[in-house]
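The values are calculated or read from the model by the stated rules, or taken from the named source; none is laboratory data. Keep in mind it's a predicted model, so treat the numbers as computed, not measured. Using ideal geometry, Cβ is built from the backbone for each residue, glycine included, and neighbour counts are taken over all protein chains shown. The protein model used for the area step is the full one, side chains on, heavy atoms only, and it has no ligands, DNA or RNA in it. Shrake-Rupley method; radii C 1.70, N 1.55, O 1.52, S 1.80 Å.
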Protein chains: 2
Amino acid sequence: MATREGLFFDNSNSVLQRGLPCQGAIKPLTNNTDERVEFDVIIVGAGYAGLTACRDVCTAGEYWRGSRSAILINRAAGFSVLLLEARDRIGGRTFTTEVDGHLYEMGGTWVHWNQPHTYREMSRYGLTDLLPSHDRTFGLDSCTVHLNGKTRNVSHETAHAMTEKAFRLMCDVDGELGRSVIPYPHDPHFNPEAKYWEALSVAQRLDQIRTQISDDEAAILQARLSSIYGADMDKAGFFDMLRWWALGGYTMDGLYETGDDFKLPDGQSSFARHFFDETVGTQKLIYCFDTVVQSVHDNGRAVCVNDKWRAERLICTMPLNVLCDVKFEPGLSAQKLQAMKGGNINQGAKVHLEVSGSGHRSWSSAIYPVSRACSMSGDGLTPAGNTHLVCFGSNKEFTSPEDDARSFAADCKHVQEIDILKTIWHDWAKDPFAKGSWCMYPPDFSFKYLATLQERAGNVLFANSDWASGWRGYIDGAIERGTLAARDVATELRTSRCTAG
Amino acid sequence: MATREGLFFDNSNSVLQRGLPCQGAIKPLTNNTDERVEFDVIIVGAGYAGLTACRDVCTAGEYWRGSRSAILINRAAGFSVLLLEARDRIGGRTFTTEVDGHLYEMGGTWVHWNQPHTYREMSRYGLTDLLPSHDRTFGLDSCTVHLNGKTRNVSHETAHAMTEKAFRLMCDVDGELGRSVIPYPHDPHFNPEAKYWEALSVAQRLDQIRTQISDDEAAILQARLSSIYGADMDKAGFFDMLRWWALGGYTMDGLYETGDDFKLPDGQSSFARHFFDETVGTQKLIYCFDTVVQSVHDNGRAVCVNDKWRAERLICTMPLNVLCDVKFEPGLSAQKLQAMKGGNINQGAKVHLEVSGSGHRSWSSAIYPVSRACSMSGDGLTPAGNTHLVCFGSNKEFTSPEDDARSFAADCKHVQEIDILKTIWHDWAKDPFAKGSWCMYPPDFSFKYLATLQERAGNVLFANSDWASGWRGYIDGAIERGTLAARDVATELRTSRCTAG
């Protein structure tokens, strides 16, 4: 199976291939052979939020738990669901490709036991074996830093100490490492005084601590932050960094452990397939891939999509930056429309390189100021014995895929003598169904818009990791939102039928 | 509703009351009005492991997901379950009582977003609002330490710094705060070299660091460890502490945040009811409370309990220390019998006090060496405006409940002038269905017996937090085990029916 998404540049002959093998590709694209148009629920988007919502709605139909007085109703059939997805695959901003026997994660990758929604699902599907990304046992076990125009090779420990000092100073906003500002990171507004920090950009916060760190410490910190935000420091909201820090247990080691250490051995597409296959197994799911949603019309009793499909409720799981491409009738609230304008600032690039030999398996790199690449790190060995490097960088100038590959390669070769064989990536910034990577907010956004983004509009519910309460921008946040939307929809449909019947 | 469990001592008139109001009490005790004896699955025990297993088996019956070739079978009916429970309530080693309008948690209490199984279920049931136990805004905002025979009052910050220094030294076994020894705390044997640390008692580990800490630092650390282990330091396996430390993100603040900070506003019994009510709602559950399981006979095709009830599979969720009270036929393996001997060393006591006035709401205390109490801490304000103190201590001598209350009161009054109005607790050490509190292992146990305890015996599966892989001894570990057992059972029954049909 293959998806039309993803790019493969063969550095040896400069040939570009579009489309990659992917277990998440769905063939045939639809199972709606009867051209059915009426459903209980329509779900738009087959990323983790949509997949979770589909599964939970399809398996939720059996009973109804009311108040303490417990009116129990046995329903033999669950709810029927239509899943509409613009892509030819499941997974949204995650998908895994296999090239020459090695797995590459094109989007969301790392998982952790402190991501409760993700880990619980992994556990339920028997997928708790983890594959560490890092391995310190190969050749060049060190970090090349290219900071403020100078390149040098330092030990991982030195690079870690430089980054950690600067990171801690940045996040220690209260002398308690941020604990008093964000005491409950799954409810980031738990302490209303956090609003002060939410108004700052990262650039402004860096100004506050600048005299306490050296030029190189400031540069290596910004290399890391560039990879985290995929945006310039003046566009980046500091609060999102503080939230990640709090979610990671108020330490940098915790932060990187939760976001950069452990992969699923069989890949994200395999994980996503468990959700999809379980849902298909209920025989309550109709799906249409390759199907772009253009209009959603809610007449107060039912929702109609593309003037074609109807349901009592719709769960829209489209990402923040593409919501504006749908025509909603009635129109969304002014506040919601405002929130939809550029909420996700992350236009960062993620690129995989296969480089000759195993010598760079334990190597990493940090670069600042950023032209294309800001970080590179050994992420595995291919069956051919070569190193798999994962790189993050910027997408400031939209170039051709060939130029993308060449400019990344140039940046990497500039700091380290490597022989690049292959370049494999997906351009999330140019992707019309993503328009960006994992969600990071600008300054002064979360307190103003998070609640708005989580709000429903009549019979339309919105569920995406881009407005999760906990691990926003992570797979965990997608599952969080999908679960809650499915629960609300199932509860309402049970109640309305109970009242009606 | 009331359970016969729990003790209430009125300190003003020395009157003892047995049995307390509890939302988890089930009336009538059974819904098996037809005296049904044949079921798909029997589940023994209605703690979180049993409740989770019940719910998952009762809701699991609809479909079957096989290998990639996806043989899908639609089953109209799910699996029928018989739940047998010795107590008159759900919740196992957790239950909440309400006395004069205030909730007291008699057993397991605190929850955290880094407990994936617990938090995901909280999220699913809409229970993510949390109630902090600690409040620093009242009267005596300090800590009374009674260490090595001397009492003094210090700031919370001083007590924290003393404990943290000693705790960190104890757990920094590798210069990486334990990260290299337990890199993946949900798989504690991930690094086989951890076995070295597993063989040590806490007393032995303390000897290794003793010269680096003062007498008072050693004493306050042991006060904390006494409350964690409910056992003497030479009986306590050091590895379990290191595991908690790793689960808490390799910091003491993380450890206490995950285990001691946030409560469910409506209490554990309310949380447990969500599982139970959801399962009852499927109409696939028959339950019998007040029912002690004495014998389990597995003839290879079916399991028979108490020579009365039969099922294809049995999930036994009884705690480690009471497994030996059941006669299994065929007998359990020698290795399993060995593991069942005193695996849970925790005989600690947890006692709630209501004391006059709000002055002690922000107060805490640490006592070592321990006679009865080793820690006290403000945990809330009652509607009458009094302080709710939660105390931990030892149960070395089994005394009468009246003596229990008086000896705890004497210890507390010895370190602080308090006017105790009420004492509320449950004696988990004397409880015949628990024989101890949350599970803590002796030295040299986990590498030897954990896998054995997780093993099934024919058609009998064992699921209890006492042998969880992750948060062992926590509610999270119970849900972890319940989920896995239910998944295995449901998969097997689907497969066998698929083959048979």
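Here are some notes:
- For residue A:5, nonlocal amide neighbours, meaning residues 5 or more places apart or on other chains whose placed amide H falls under 5 Å from its own, are A:20.
- Averaged over the residues of A:118-127, the number of partner chain Cβ atoms lying within 10 Å of the residue Cβ comes to 5.
- Under the Karplus curve 6.51 cos²θ - 1.76 cosθ + 1.60, θ = phi - 60°, whole-Hz ³J(HN,Hα) for the range B:348-359, x wherever Gly or Pro sits: x, 10, 10, 9, 9, 10, 9, 10, 4, x, 9, x
- Shape descriptor for the range A:340-475: Rg over Rh equals 1.07 (Cα atoms; Rh from the Kirkwood inverse mean 1/r).
- Peptides B:196-207, B:305-316 ordered by average Cβ neighbours within 10 Å, highest first: B:305-316, B:196-207
- Computed from phi, the 3J(HN,Hα) profile of the range B:7-24 under the Karplus parametrisation 6.51, -1.76, 1.60 (θ = phi - 60°) reads 10, 9, 10, 8, 5, 6, 10, 6, 8, 9, 10, 9, x, 9, x, 7, 5, x Hz, with x in place of Gly and Pro.
- Residue A:429 long-range amide H proximity, modeled H, under 5 Å: A:436
- Each peptide among B:46-55, B:278-287 gets the average number of other Cβ atoms lying within 10 Å of its residues, and from highest to lowest they stand as B:46-55, B:278-287.
- Sorted shortest first, the separations between the residue A:180 label point and its copies elsewhere in the assembly read 3.7 nm; each point sits 7 Å from Cα along the Cα-to-Cβ line.
- Each part reduced to its alpha carbon centroid, the range A:261-301 and the range B:133-185 end up 47 Å apart.
- Summary for residue B:12: label point 7 Å along Cα→Cβ; distances to the equivalent points in the other copies, ascending, 8.9 nm.
- Taking the centroid of alpha carbons for each part, the range B:424-501 and the range B:392-413 are 31 Å apart.
- Value of D in µm² per second that Stokes-Einstein yields for the range B:243-337, Kirkwood Rh from Cα pairs, at 37 °C (0.692 mPa s): 190
- Calculated FRET value between residue A:18 and residue B:138, using beta carbons and R₀ = 56 Å, to 0.05: 0.30
- A 1.4 Å probe run over the range A:396-460, with the rest of the protein chains in place, finds 42 Å² accessible per residue.
- Full-extension gain in nm, residue B:27 to residue B:176, via 0.36 nm per residue minus C-alpha separation: 48.4 nm
- Cα-Cα pairs of the protein assembly as shown separated by more than 36 Å (percent): 53
- Cα→Cβ-extended label distance, 7 Å offset, between residue B:448 and residue B:324, nm: 1.4
- Loop-resident chymotrypsin sites (Phe, Trp or Tyr not before Pro) (DSSP state other than H, G, I, E or B) in the range B:330-406 with no more than 16 further Cβ atoms inside 10 Å of their Cβ: B:398.
- Over all distinct Cα-Cα pairs of chain A, the Kirkwood formula returns a hydrodynamic radius of 23.5 Å.
- Remark: mean inter-chain Cβ contacts per residue of A:272-278 equal 2, using a 10 Å Cβ-Cβ cutoff to other protein chain atoms.
- Sorted shortest first, the distances from the residue B:448 label point to those of the same residue in the other copies are 6.3 nm; each point sits 7 Å from Cα along Cα-to-Cβ.
- Rounded to the nearest 100, the interface formed by chains A and B buries 4400 square angstrom of accessible surface, both chains summed, with a 1.4 Å probe.
- Ligands, DNA and RNA left out, the 1.4 Å accessible surface of the protein assembly as shown is 52% carbon and sulfur atoms.
- Compactness index (Cα Rg / 2.2 N^0.38 Å), the range A:440-501: 1.33
- Cα-projected label distance for residue B:456 with residue A:397, points at 7 Å along beta-carbon direction, nm: 6.2
- Taking every residue in A:178-185 and counting other chain Cβ atoms within 10 Å of its Cβ, the average works out to 2.
- Compactness of the range A:158-262 was expressed as the Cα radius of gyration divided by 2.2 N^0.38 Å, which yields 0.99.
- Heavy-atom accessible area per residue - the range A:158-262, 1.4 Å, Å²: 34
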